[in-house]
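Asks: Here it is, the structure in full.
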Ligand code: BDR
Ligand code: CA
């Protein structure tokens, strides 16, 4: 099993990603950390706890940063709803977040692990940047960072930037400069990784898990139930278990920190300006296979 920490801001696509990761036989989720992004960090933490309780898991949850490193938070409640996970009435839970900050929890989890940990950020990179800056000794026990974020072409927030790198560009830059192997699962693949009516109608039939997702999907405006729901964060989990679904290229990525392209990930795909690479970027994804992967993994949860 691959030992992972997921840093998240649920978020409806985060919810699908967490659900599959928590239940996948090839993954061992050691810790979930939360950050401000789609909605504020109290809400993303509550949503994460609700999902852990829904699946009856024991995975610890730690609350992280309530704002980006240097700039104001711009959330995405218009896409995921006021709560971040509108549409389904989760049962009340007594589960609570750990009483230490996400960055401390990550440090302890990484340093105490006998095997290397893969970090899976599917939100702004604020917590991860702080971890690597405050506790650089953790780097030696981090195998890889597989992140949903960035774009090689158009953005979904300003013209060029993807939401997660837009929310905290300074954090994203720290992560790309960290020297840790990075896989960037960006909009180039995640925008095409949609669930169509064909898949959502199947998912709807998967008992209470299906009902939960179908209810959330009706409130997810990243697409619509008719035209396709973008499963951005789910792609990062698919990369962990089935990397052959993706076409990747090694390159050098840096992040625009301000101006009209703030948060854009600029990749030197032709390696004209750099002698070494700092990331693998995803160029393409096998959509039908990805769709099957999502449906079959959600079906198995029941
Ligand atoms: C990313 O932004 C968030 O709204 C999604 O959860 C995903 O992590 C897509 O740009
Ligand atoms: Ca997210």
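The values are calculated or read from the model by the stated rules, or taken from the named source; none is laboratory data. Treat the numbers as computed from the prediction; the structure is a model and nothing was measured. Note that we place each Cβ from the backbone using ideal geometry, even for glycine, and neighbour counts take in every protein chain shown.
Asks: Please work out which one of (1) modelled with pLDDT under 95; (2) more than 22 Å from residue 7 (Cβ to Cβ) is the condition residue 210 fails and give its number.
Replies: Status for residue 210: all satisfied but (1).
Asks: What residue, among those in region 131-154 that are out of contact with any strand residue (DSSP E or B) (no Cβ under 9 Å at 6 or more places or on another chain) and touching a residue at least 12 places away in the same chain (Cβ under 8 Å), is farthest from ligand 1 (Cβ to nearest atom)?
Replies: 137
Asks: Just one of the numbered conditions (1) in contact with a helix residue (DSSP H, G or I) (Cβ under 6 Å, 6 or more places away or on another chain); (2) closer than 30 Å to residue 290 by Cβ is not true of residue 97; which one?
Replies: (2)
Asks: Output the strands (runs of 3 or more DSSP E) that fall wholly within region 1-86 and possess 1 or more residues being more than 14 Å from ligand 1 (Cβ to nearest atom), in contact (Cβ under 8 Å) with a residue 60 or more places away in the chain and surrounded by fewer than 22 Cβ atoms within 10 Å (Cβ to Cβ), or say none.
Replies: 2-8, 27-34
Asks: What pairs come out if I take residues in region 236-257 that are without any contact (Cβ under 8 Å) to a residue 60 or more places away in the chain and pair them with residues that are crowded, with 16+ Cβ neighbours inside 10 Å and in a loop (DSSP other than H, G, I, E, B) whose C-beta lies under 6 Å away, six or more apart or interchain?
Replies: Listed pairs, sorted by first residue: 245/286; 250/277; 251/277; 252/277; 252/278.
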